[in-house]
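The values are calculated or read from the model by the stated rules, or taken from the named source; none is laboratory data. For clarity, every value in this text was computed on a predicted model and none was experimentally measured. Neighbour counts run over all protein chains shown; Cβ positions are idealised from the backbone, glycine included. Each accessible area value is taken on the protein alone, full model and side chains, heavy atoms only, with ligands, DNA and RNA left out. Shrake-Rupley method; radii C 1.70, N 1.55, O 1.52, S 1.80 Å.
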Amino acid sequence: MRNQGKEMYEFGPFRLDPGKRVLLRDNQPVPLQLKAFETLLVLVRNSEQVVLKDDLMKSVWPDTFVEESNLAQHIFVLRKILGESAREYRYIITIPGRGYRFAVKVRVVSEEESLVVEAHSRSRMVIEEKHWLNGVWRPVGAMAIAMALVGGVLYWRSHRAPKLTERDSIVIADFANTTGDTVFDGTLRQGLSAQLDQSPFLNLLSDQRVAQTLSLMAQPKDARLTHELAREVCERTGSVAVLDGSIAQVGTQYLLLLKASSCANGESLANAEAQAKDKNHVLGALGKLALEIRSKLGESLASLQKYDVPPEEVTTPSLEALRLYSLGLLARKGDLPPALKWFQRAVDLDHNFAMAYAQLGMVYFDLGESVLATENLRKAYDLRERVSELERFHIESNYEMVVGNLEAARKDCELWAQIYPRDPGAPSTLAIIYLYMGQWEKVLIMTQRMIELRHQTKPESNLVAAFTFLNQLDKARTLAQEGNRIWDSPLFNANLYMIDFLQGDRNGMDREAAKLMGKPGWEDRMLDSESNTAAYGGEFAKSRELTRRAVDSAQRAGETQTAAAYEAEAATREALVGNQGQAKQLAKSALALSNGWEVEGISAIALALAGDSAQGSRLADELDKRYPENTIVHLNFLPTIRAALALGNGDPSKALGDLAPAAPYELGYADLSIGFGLYPVYLRGEAYLASKQGSTAGGELQKIVLHSGVVQNELIGALAHLQLGRAYAIAGDTAKAQSAYQDFLRVWKDADAAIPILKQAKAEYAKLH
């Protein structure tokens, strides 16, 4: 075995001396910190092999725990010293997710060979030193003093406190465009935002906060952010700096300038410039501009290296696709359906535009079209290696959430929040995940955190919904009414409709419903909600007609899966009240429109409740096979389907066993588009009733009553009162049983007389007397 301490290693113009712990370039020492030297030594001794990150860190820091960022910083320093560019690494290659590889051939030099070379080098240095002393000592001595002074100044400058801190927010103004080419209008600002967003150091003022501030200034929320407007926004929001960009054309070339200035006094904080040889290279120049300004504003070298994905990957190499993407983001601030066409056109132009696919997927998700949402998010997910770290978190967490792997999505979001603690995307996504999980207090906390990070001062519809879920209806109403005055958004009308329902205000419901009729993407939602309300009161003939109109409206708007969900939901309602023929027909119709997992899950529950065990079992097996990692399928839908099948077969004990896995998710929604929630609780109550365990059944059914803000106008909210009456009757508490039956019959005072469950309820109530 060779004595490694007596050997040196040569590669390119470099020599590494382990004994003296020095790196030489062309026989001249290169300044290098000890840990950086040890990192390089490990890589060189294992040249052309992959060294795992963990092994490398254990070798360099054997007795100390350090963050991976320490290693990344040393790798960055080594690359700089070895003369590698940010776009091409010759010596140290990153192996994603594993470690690093020293890629060049390394020559091992023995001690004897090294001494000969060193002696020759010293003899040359003595001759050169004599010439230097004899000929130039006086002027060089003076120059040395001057250089020392200059060096001191440069050291002071390089070690000053950063221009900004991580708490200081920045406003990005629109680029001044003198080229006459409108493709740059708004596009360069979006491209620069995407570049700077990947920095964990810089804190960009959100577009939502900018829009709110502009409205307070009596400006349109989509007003062009000139320097003057941007500076006023900066001052009003307590931000620290404004970034002003400009683009000019000189011949075929383009010149891009970027200036950071204090919004308090206009003092220049930093400047950067870049040139593009033609229009196709403007985005590349924008990336250089962003990297330079990040450095000059105080971001560390390690952060610059780790979070520097070029703009053609963070965004797109197509300026026109980026322009369309920017228009989509702008449209999405107002309403969802209009944004679809812009994102779709962006991906039509650039089939590798990952974030455009992601935005397209999330708009479809918000519209209740989970199949189209999954399709587009899967495309973004497949392209995730092309994007920045921040965009990867956005894509991966939303993809995992939409396909139903909630545990993976939650972990993604927690890491996202750790690395980018000021980004509102992580709490926003976590709020949706907690909706599925039924953790309503956490929904409120995450929604409030999202609003805080966006620095929003105006009402947010998601916060209205969060207060509604927790039965804090007065707070919800106040926020919704204020939001409606400011934004005039359909979201607040939908919020107010449900608050009016929960507070028994039929006139208010009619008023809000009328405002949404005729609006694409909203009319069908309101018609479905009205259908739910009619069924809640036992008016099933009216409910069926409203469902038919909702389905037609959704199909006209191109929302096929949403239309199917309406029919599947209606099928479940029919099955719950004993209309088995209607339930089977509606479920069959829903499945003909969509095979999305939500539609199949709800249809299977309806079929099982309606006595079609064969179809219910087939759909359950299909869901189990097709979605092995889907949390909602396995911990909500499948337990509920199997419990319904067991109850149909007269086996309540099996039903209770089947429902056991659903306990952690029983209070959550299984389908966010229609608010299908708490069915495991309802069926568990029925199973206890079938087992003649009245008190235990009552405890389960009380969960539905207590969570009226979650159940809202779902039919099980009304039926829970009837089932509570049955539970109290079994337990022998006649007074409470009579009261619960009266509550149900009061809600169903206008119900259709022929409904089977109503006939049973009236007969049971009569026997109590």
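Assuming ILE75 fulfils every condition listed in (1) surrounded by 12 or more Cβ atoms within 10 Å (Cβ to Cβ); (2) more than 38 Å from the chain's Cα centre (by Cα); (3) not acidic (Asp, Glu) apart from one, which condition is it?
With respect to (1) surrounded by 12 or more Cβ atoms within 10 Å (Cβ to Cβ); (2) more than 38 Å from the chain's Cα centre (by Cα); (3) not acidic (Asp, Glu), ILE75 is out only on (2).
Do any helices (runs of 4 or more DSSP H) lying entirely in the stretch 401-486 carry at least 1 residues that are touching a strand residue (DSSP E or B) at 6+ places or on another chain (Cβ under 9 Å), and which ones are they?
Passing ranges, in order: 425-437.
Which pairs turn up if I take residues in the stretch 183-197 that are touching a residue at least 60 places away in the same chain (Cβ under 8 Å) and aliphatic (A, V, I, L, M) and look for partners that are buried (at least 21 other Cβ atoms within 10 Å of the Cβ) and outside any helix (DSSP H, G or I) with beta carbon separation below 6 Å, at least 6 apart in sequence or on another chain?
LEU188/PHE175; ALA194/THR315; LEU196/LEU202
Output the number of the condition that ALA339 fails; it satisfies all remaining conditions of (1) at pLDDT 85 or above; (2) in contact with a Lys or Arg (Cβ under 6 Å, 6 or more places away or on another chain).
(1)
Please find, among ALA662, ALA620, the residue that is surrounded by 22 or more Cβ atoms within 10 Å (Cβ to Cβ), over 26 Å from the mean Cα position of the chain (by Cα) and of a type in the set (Gly, Ala, Ser).
ALA620
Name the residues in the stretch 448-459 that are open to solvent by less than 70 Å² (accessible area, probe 1.4 Å) and more than 10 Å from PRO424 (Cβ to Cβ), would you?
LYS458, PRO459
Scan the stretch 78-96 for residues that are modelled with pLDDT of 80 or more and outside any loop (DSSP other than H, G, I, E, B) and jot them down.
LEU78, ARG79, ILE81, ILE92, ILE93, THR94 - these are the residues of the stretch 78-96 that are modelled with pLDDT of 80 or more and outside any loop (DSSP other than H, G, I, E, B).
For the stretch 28-61, name all the residues that are surrounded by 15 or more Cβ atoms within 10 Å (Cβ to Cβ) and not hydrophobic (A, V, I, L, M, F, W, C).
Once the filter is applied, which keeps residues that are surrounded by 15 or more Cβ atoms within 10 Å (Cβ to Cβ) and not hydrophobic (A, V, I, L, M, F, W, C), the stretch 28-61 yields LYS35, GLU38, THR39, ARG45, ASN46, SER47, LYS53, SER59.
Report, by residue number, each residue of the stretch 232-265 that is charged (D, E, K, R) and either at pLDDT below 85 or open to solvent by less than 10 Å² (accessible area, probe 1.4 Å) (or both).
GLU235, ARG236 - these are the residues of the stretch 232-265 that are charged (D, E, K, R) and either at pLDDT below 85 or open to solvent by less than 10 Å² (accessible area, probe 1.4 Å) (or both).
Look at the stretch 174-191 and say how many of its residues are in contact with a helix residue (DSSP H, G or I) (Cβ under 7 Å, 6 or more places away or on another chain) and small (Gly, Ala, Ser).
Residues meeting the conditions: 2.
Tell me which residues, restricted to the stretch 503-545, are within 17 Å of SER589 (Cα to Cα) and surrounded by fewer than 23 Cβ atoms within 10 Å (Cβ to Cβ).
ARG544, GLU545
So if I check each of ALA575, ALA608, which one is without any contact (Cβ under 8 Å) to a residue 60 or more places away in the chain, closer than 21 Å to THR533 by Cα and touching a Leu at 6+ places or on another chain (Cβ under 8 Å)?
Result of the check over ALA575, ALA608: ALA575.
For ASP510, are the conditions met, namely being part of a helix (DSSP H, G or I), without any contact (Cβ under 8 Å) to a residue 24 or more places away in the chain and over 25 Å from LEU336 (Cα atoms)?
Spelling it out, it is not the case that ASP510 is part of a helix (DSSP H, G or I), without any contact (Cβ under 8 Å) to a residue 24 or more places away in the chain and over 25 Å from LEU336 (Cα atoms).
Taking the stretch 335-361 only, how many residues are of a type in the set (A, V, I, L, M) and either touching a strand residue (DSSP E or B) at 6+ places or on another chain (Cβ under 6 Å) or open to solvent by 10 Å² or more (accessible area, probe 1.4 Å) (or both)?
4
With the checklist (1) in a helix (DSSP H, G or I); (2) surrounded by fewer than 20 Cβ atoms within 10 Å (Cβ to Cβ); (3) under 24 Å from the mean Cα position of the chain (by Cα) in hand, flag the one item ASP222 doesn't pass.
It is condition (1) that ASP222 fails.
Which ones in the stretch 475-502 are among the hydroxyl-bearing types (Ser, Thr, Tyr), under 29 Å from ALA218 (Cβ atoms) and either in contact with a Leu (Cβ under 7 Å, 6 or more places away or on another chain) or open to solvent by less than 70 Å² (accessible area, probe 1.4 Å) (or both)?
The answer is SER489, and nothing else.
Name the residues in the stretch 733-759 that are outside any helix (DSSP H, G or I) and open to solvent by 70 Å² or more (accessible area, probe 1.4 Å), would you?
If the condition is that a residue be outside any helix (DSSP H, G or I) and open to solvent by 70 Å² or more (accessible area, probe 1.4 Å), then LYS749, ASP750, ALA753, ALA754 are the ones that fit.
Suppose we filter the stretch 670-697 for residues that are at pLDDT 95 or above, open to solvent by 10 Å² or more (accessible area, probe 1.4 Å) and in contact with a Leu (Cβ under 7 Å, 6 or more places away or on another chain); how many remain?
Result for the stretch 670-697: 3.
If we keep just the residues of the stretch 18-32 that are in a strand (DSSP E or B) and free of Cβ contacts under 8 Å to residues at least 24 places away in the same chain, which is farthest from the chain's Cα centre (by Cα)?
Ranking the candidates gives GLN28 first.
Return yes when ARG25 is charged (D, E, K, R) and open to solvent by 70 Å² or more (accessible area, probe 1.4 Å) and no when it is not.
In short, yes.
Let me confirm something: among MET446, MET509, MET437, MET450, which residue is over 27 Å from the mean Cα position of the chain (by Cα) and modelled with pLDDT of 90 or more?
The match here is MET509.
Determine whether GLN190 is of a type in the set (S, T, N, Q) and part of a helix (DSSP H, G or I).
Answer is yes for this residue.
Can you confirm whether the stretch 393-409 contains a residue that is without any contact (Cβ under 8 Å) to a residue 12 or more places away in the chain, open to solvent by 50 Å² or more (accessible area, probe 1.4 Å) and at negative phi?
The answer is no, given that none of the residues of the stretch 393-409 is without any contact (Cβ under 8 Å) to a residue 12 or more places away in the chain, open to solvent by 50 Å² or more (accessible area, probe 1.4 Å) and at negative phi.
Any idea which residue in the stretch 627-659 is surrounded by the most Cβ atoms within 10 Å (Cβ to Cβ), counting only those that are among the hydroxyl-bearing types (Ser, Thr, Tyr) and farther than 16 Å from LYS692 by Cα?
In this case the residue turns out to be THR640.
Taking the stretch 698-709, which residues are surrounded by fewer than 18 Cβ atoms within 10 Å (Cβ to Cβ) and either farther than 29 Å from ASN495 by Cα or touching a His at 6+ places or on another chain (Cβ under 6 Å) (or both)?
GLY699
Wholly within the stretch 524-599, which helices (runs of 4 or more DSSP H) include no fewer than the required count, namely at least 3 residues that are of a type in the set (Val, Ile, Thr)?
Hits in the stretch 524-599: 560-576.
Within the stretch 17-29, is even one residue polar (S, T, N, Q), closer than 25 Å to ILE95 by Cβ and in contact with a helix residue (DSSP H, G or I) (Cβ under 6 Å, 6 or more places away or on another chain)?
No, the stretch 17-29 contains no residue that is polar (S, T, N, Q), closer than 25 Å to ILE95 by Cβ and in contact with a helix residue (DSSP H, G or I) (Cβ under 6 Å, 6 or more places away or on another chain).
For the structure I just gave you, tell me whether LEU71 is more than 18 Å from ARG107 (Cα to Cα) and part of a helix (DSSP H, G or I).
Considered against the rule, which asks whether it is more than 18 Å from ARG107 (Cα to Cα) and part of a helix (DSSP H, G or I), LEU71 comes out as yes.
All but one of (1) over 24 Å from GLY732 (Cβ atoms); (2) touching a residue at least 24 places away in the same chain (Cβ under 8 Å); (3) not in a helix (DSSP H, G or I); (4) not aliphatic (A, V, I, L, M) hold for GLY709, so report the exception by its number.
Result: GLY709 passes all but (3).
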